[in-house]
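S.K.: Here's a structure for you.
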Amino acid sequence: MKRIVVTGAAGQIGTEMVVALRERYGRDSVLATDIRIPEGETGGPFALADVTIGDSLDAAVARHRADTIFHLAAILSAVGEQRPQKTYEVNIGGLFNVLEVARARECAVFTPSSIAAFGPGTPIDLTPQDTIQRPNTMYGVSKVAGELLCDYYHHRFGVDTRGVRYPGLVSWLTQPGGGTTDYAVEIYHDAVESGRYECFLAAGTQLDMMYMPDAIRAAIELMEADPSRLEHRNAFNITAMQVTPASLADSIRQHLPGFEISYAVDPIRQAIADSWPRHIDDSAAQNEWGWAPAFDAASMTADMLANLQTGSP
Ligand code: NAD
Ligand code: AKB
């Protein structure tokens, strides 16, 4: 992995992934792409590329002489229910184009799936790596289709496809892009800015979460893992913590004792959250490539608040 194209580079994950990849492989080895220009200095090469237009992506990969694509362009769960047709086009059509370019240009591909690839009927506690996947959102459908497409391109064409099922990701640098777990980012911003937060999920809604530095490290470690050890490839369950809005509020109160949370439940996002697991089992990732998170809820909260209080966006 020496010359990398990142799609969706202006997003919540892409912004920090590009920085981490450049630190590891060199500034000019990583071409950041998106359909919008990232806010602020990109710190290296950037190109506009739309993943739903195969030629646009192919031109970027060819010009950069890439050997690896980190494919992060997507529509997330909440926006996905508002725009299901667009979500199909970007998440499934876009991934198909990425895989075709990777097949033709002999690139490896990292692309994230999500806890949204599970749904009603999936065991909700210690959700196994291999289990029932019958999601009832367009985002979830696109993630299951994506996992299967990536496996197909690996077995049929030998493309080195790898992926994880990310839980909700918490970060301070870039705002999330329209998902159900966005509350877990908003809560920290509002805690610092106003000392209160109105949450769109109910107090006891438990979901898996992860702090962004762990999420970035997981992707890089998986792409560098010995392929002979990988039985699963697409896509590994990974998690770092299980939280609820109420437990995150408690952890914020350890630092900001006056913090207040109230609830105005959004039935659409609540229904999405209620269709996802409460706690996934990531032992396959632990065993096959040594996955282990560094941050729990307490250390994540301390780091989030410190970063937000010292002048981030
Ligand atoms: P995001 O919404 O923050 O960013 C997605 C980026 O894709 C945006 O910058 C957007 O401009 C870009 N994009 C949209 N349509 C495009 C197109 N047609 N061509 C090129 N770029 C396009 O999303 P994210 O949170 O960074 O997620 C990245 C990946 O990780 C997605 O596959 C998502 O499903 C997955 N994931 C994210 C989380 C999370 O909590 N952030 C959790 C699980 C999985
Ligand atoms: C979302 O809420 O849509 C994402 C995800 C868990 O995939 N954060």
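S.K.: Explain nothing, just the number: dipole magnitude of the stretch 172-246 about its Cα centre with +1 on each Lys and Arg Cβ and -1 on each Asp and Glu Cβ, in debye rounded to the nearest 20.
M.R.: 100 debye
S.K.: Now for a separate question. Tally Lys/Arg at +1 and Asp/Glu at -1 over every other residue whose Cβ is under 14 Å from the Cβ of residue 26; what's the total?
M.R.: Result for the neighbourhood of residue 26: +3.
S.K.: Please give me the summed charge of the neighbours of residue 240: other residues whose Cβ is under 10 Å from its Cβ, Lys and Arg +1, Asp and Glu -1.
M.R.: Values: positive: none; negative: 208, 214, 282, 296.
Counting the neighbours of residue 240, the net charge comes to -4.
S.K.: Could you state the angle between the C-alpha long axis of helix 94-105 and the longest principal axis of the C-alpha atoms of the chain, as a value from 0 to 90 degrees rounded to the nearest 10?
M.R.: Approximately 30 degrees, to the nearest ten.
S.K.: Please report, in debye to the nearest 20, how large the charge dipole of the chain is about its Cα centre when each Lys and Arg carries +1 at its beta carbon and each Asp and Glu carries -1 there.
M.R.: That gives the chain a dipole magnitude of about 640 debye.
S.K.: Taking the alpha-carbon centroid of each part, what is the distance from the stretch 1-80 to the stretch 152-168 in angstrom?
M.R.: Rounded to whole Å, the Cα centres lie 18 Å apart.
S.K.: Between residue 25 and residue 157, what length comes free when the chain is fully extended (0.36 nm per residue of separation minus the Cα-Cα distance, one decimal in nm)?
M.R.: 44.8 nm
S.K.: Subtract the Cα-Cα distance of residue 39 and residue 196 from 0.36 nm times their separation in residues, and report this length gain in nm to one decimal.
M.R.: Extra length from residue 39 to residue 196 when fully extended: 53.8 nm.
S.K.: On C-alpha positions alone, give me the angle between the axis of helix 183-193 and the longest principal axis of the chain, in degrees, nearest 10.
M.R.: 60 degrees
S.K.: So how far, in whole Å, is the C-alpha centre of the stretch 201-276 from the one of the stretch 83-114?
M.R.: The stretch 201-276 and the stretch 83-114 have Cα centres spaced 24 Å from each other.
S.K.: Please give, to one decimal in nm, the separation of the simple spin-label points placed at residue 89 and residue 247, each 7 Å out from Cα toward the Cβ.
M.R.: A separation of 4.0 nm, rounded to one decimal place.
S.K.: Got a sec? Which residues in the stretch 166-188 would a label at residue 268 touch, if it sits 7 Å along Cα→Cβ and we count backbone N under 13 Å?
M.R.: 178-180
S.K.: Which residue fluctuates the most in the chain, going by a Gaussian network model with Cα springs under 10 Å, if the choices are 52, 181, 111?
M.R.: Looking only at 52, 181, 111, the largest GNM fluctuation is found for 52.
S.K.: While we're here: Could you work out the local net charge near residue 190, counting Lys and Arg as +1, Asp and Glu as -1, over the other residues with Cβ closer than 14 Å to its Cβ?
M.R.: Cβ neighbours under 14 Å give a net charge of -3.
S.K.: What size of dipole, in debye to the nearest 20, comes out for the stretch 196-313 about its Cα centre when the only charges are +1 on Lys and Arg C-beta atoms and -1 on Asp and Glu C-beta atoms?
M.R.: For the stretch 196-313, the charge dipole is close to 260 debye.
S.K.: What is the gain in length, in nm to one decimal, between residue 59 and residue 306 on full extension, counting 0.36 nm per residue of separation less the C-alpha to C-alpha distance?
M.R.: Gain on extension, residue 59 to residue 306, equals 84.8 nm.
S.K.: Helix 12-25: angle to the longest alpha-carbon principal axis of the chain, degrees 0 to 90, nearest 10?
M.R.: Approximately 50 degrees, to the nearest ten.
S.K.: P(r) for the chain: what percent of alpha-carbon pairs falls in each 10 Å bin, starting at zero?
M.R.: Each 10 Å bin holds this share of Cα pairs: 6, 28, 37, 23, 6, 0.
Throughout, read-outs are computed from the coordinates displayed, never taken from laboratory work. It should be emphasised that the depicted structure is a prediction, and the values quoted were computed from it without experimental measurement. Counting neighbours? That spans all protein chains shown, and the Cβs are built from the backbone with ideal geometry, glycine included.
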